[in-house]
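Quick notes on the structure that follows.
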Amino acid sequence: MSESDLRAAVARELPGVRADLERLVRIPGIAFEGFDHSQVERSAEAVAELLRGCGLDVDIVRAGGQPAVIGRKAAPPGAPTVMLYAHHDVQPVGDRALWESDPFEPVERDGRLYGRGAADDKAGIMAHVAALRAFGDRLPVGVVLFIEGEEEYGSDSLELLLAQHRDKLAADVIVIADSANWDVGVPALTTSLRGVVNCFVELRTLDHAVHSGMFGGPVPDALTALVRLLATLHDDAGNVAVTGLAARETASVDYPEDRFRAEAGLAEGVQLIGTGRITDRLWTKPAVAVLGIDAPPTAEAPNALVPAAKAKLSVRLAPGDDPKWAYDALRDHLARYAPWGAQVEVTLEHDGAPCVIDATGPMFDAARSAFRAAWDDIDPVDIGVGGSIPFIATFQEMFPRAAILVTGVEDPHARAHGPNESLHLGEFARVCLAEALLLARVAGAGRG
């Protein structure tokens, strides 16, 4: 197909692609414990049906976790095979009162489609489907679509799935549509991602709650002790103060502070924390955040000293760090700085390795060319990502000869994982076109 034919084909398919995206968004497929996992099954079935409609041979597979979907179509003679990755599970919605509309009823406002998973990552699935539909029976490469079902929950069964289906998933190029572009109107290739260590720290000072008047003063309550302990995780400037975590200063672009503040939604007067360039702080240095605390709600809190308190911590690791070493460093820090002899127990929830991608070679050239064409001659930017996609390191290990292209449908305003997640529909159209052009250019590069 010529480029003009391909552009016309993508434009023709977009209304149906959007309709199917909205159908996927309506399925609350959350893989976290405590949620209705029949909805994850329903989501997998819906994805499988979409892939069958593209002429692929499709299987729904499991390895002790939630269902993933694999679809395959053999390569024409001499052409490369491309794996297209996305995930169909979504994050919990959190406090529904913070959503301006039902998170599982997609709504368009001001050129954006709102709904949980509209950007992360059901739009990634539909970008793959859009490209396949545009080519129809004239697909120039072999494809294997791997649509995971528990990425948001930590991809616990992914490594076993890859091992069990390694031959079926083998590819020359892997396109992972689960990242972001640099800005609305500026495409990007993600070339580094931080790792992650999520854990729980529980601190105890008493066997049981006691009267705050009768015992308060000499007896430390657990919540005050926990707050003091958590405060030791940063220095006065806001830099991470955990000894042993790696840090680098290698970001190639900077992030203007006014743009960053606006996109992050910082409240008036709130200062940025840490030192160095913003992109270094986001991409190549560690970060520690307190995600939650278990303690009595203020409306129900009695006049009693709290005996135990628990916090969930998330540590983002710089490329080059090791999650096991990082967890040990964090655990040692928390034990060392526990105030007043408080008892501390640290429990790992999950971890994931950071990664760096060498984005050079003909397949990366093909990707940049496709992006440039889809964004009307705007050059793509190589970016790092402060978030984590730990399985990319697994893909690198299992498929060492494959070129791994980390692309995305999100933009800085997408609010993935938060209330009012949304997809910029104009950018989504460009993403769909870029993927179709990418497959065409990869076919040429593979034959060349």
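The values are calculated or read from the model by the stated rules, or taken from the named source; none is laboratory data. Predicted model, so just to flag it, every value in this text is computed and none were measured. Using ideal geometry, Cβ is built from the backbone for each residue, glycine included, and neighbour counts are taken over all protein chains shown. Each accessible area value is taken on the protein alone, full model and side chains, heavy atoms only, with ligands, DNA and RNA left out. Shrake-Rupley method; radii C 1.70, N 1.55, O 1.52, S 1.80 Å.
Amide H to amide H, which residues 5 or more places from residue 350 or on other chains are under 5 Å from it, using H placed in the peptide plane?
198
At 0.36 nm per residue, minus the direct Cα-Cα distance, what do residue 33 and residue 312 gain on full extension? Give it in nm, one decimal, please.
98.8 nm
Nearest 5 is fine: what % of DSSP beta bridges in the chain come out antiparallel, could you say?
65
If you line up the long axis of helix 362-374 against the longest principal axis of the chain, both from Cα atoms, how many degrees apart are they, to the nearest 10?
90
List every residue whose amide H lies under 5 Å from the amide H of residue 405, counting only residues 5 or more places away in sequence or on a different chain, with H placed 1.01 Å from N in the peptide plane.
Here the answer is 174, 175, 176, since their amide H atoms fall under 5 Å of that of residue 405.
Calculate, for residue 61 and residue 1, the FRET efficiency according to 1/(1 + (r/R0)^6) with r their C-beta to C-beta distance and R0 45 Å; round to the nearest 0.05. Intermediate values should be presented prior to the final figure.
Details: r = 32 Å, r/R0 = 0.70.
Once rounded, the FRET efficiency stands at 0.90.
Be a star and scan the range 80-94 for residues whose amide nitrogen sits under 20 Å from the point 7 Å along the Cα-to-Cβ vector of residue 200.
Once the point is set 7 Å along Cα→Cβ of residue 200, 92-94 turn out to lie under 20 Å by backbone N, inside the range 80-94.
Rounded to the nearest 0.05, what FRET efficiency do residue 298 and residue 186 give with R0 = 41 Å and r taken as the Cβ-Cβ distance? Could you check?
With a Förster radius of 41 Å, E is 0.40.
What length, rounded to one decimal in nm, is gained on full extension from residue 358 through to residue 45, with 0.36 nm per residue of separation minus their alpha-carbon distance?
Full-extension gain reported as 109.1 nm.
Kindly sort 417, 333, 165 by accessible area of their heavy atoms, largest first, with the probe set to 1.4 Å.
Largest accessible area first, the list is 417, 165, 333.
State, to one decimal in nm, how far the label point of residue 212 lies from the label point of residue 163, with both points 7 Å from Cα in the Cβ direction.
5.1
Give me the one-decimal Kirkwood hydrodynamic radius in Å for the range 155-310, with the sum taken over alpha-carbon pairs.
Numbers: mean 1/r = 0.0494 Å⁻¹.
When all Cα pairs of the range 155-310 are included, the Kirkwood radius is 20.3 Å.
Accessible area of the range 147-239 with a 1.4 Å probe: how many percent of it is carbon plus sulfur? If you can, show how the numbers build up before the last one.
Working: 1940 of 3770 Å².
Carbon and sulfur: 52 percent of the exposed surface of the range 147-239.
Restricting things to Cα coordinates, could you compute the convex hull volume per residue of the range 337-412 in Å³?
Values: hull volume 11.8 nm³, N = 76.
Spread over its residues, the Cα hull of the range 337-412 gives 156 Å³ apiece.
Find the accessible area per residue for the chain; the probe is 1.4 Å, ligands and nucleic acids are left out, and the unit is Å².
43
Would you mind getting me the FRET efficiency between residue 236 and residue 268? Use the beta-carbon distance for r and R0 = 30 Å, nearest 0.05.
That gives a FRET efficiency of 0.85.
In sequence order, what are the phi-derived ³J(HN,Hα) couplings for the range 72-78 according to the Karplus relation 6.51 cos²θ - 1.76 cosθ + 1.60 with θ = phi - 60°, rounded to whole Hz, with x for glycine and proline?
Residue by residue, the range 72-78 yields 9, 9, 5, 6, x, x, x Hz.
If I histogram all Cα-Cα distances within the range 364-448 using bins 5 Å wide from 0, what percent of pairs lands in each bin?
Values per bin, smallest distances first: 3, 12, 19, 20, 21, 15, 7, 2, 0, 0.
For a quick check: with amide H placed at 1.01 Å from N, whose amide H comes under 5 Å from residue 234's, ignoring anything fewer than 5 positions away on the same chain?
Close amide H contacts, sequence-distant or interchain: 241.
With θ set to phi - 60°, apply the Karplus curve 6.51 cos²θ - 1.76 cosθ + 1.60 along the range 325-335 and write out the HN-Hα couplings as whole Hz, x wherever there is a Gly or Pro.
With coefficients 6.51, -1.76 and 1.60, one gets 5, 5, 4, 4, 5, 5, 4, 5, 4, 5, 5 Hz.
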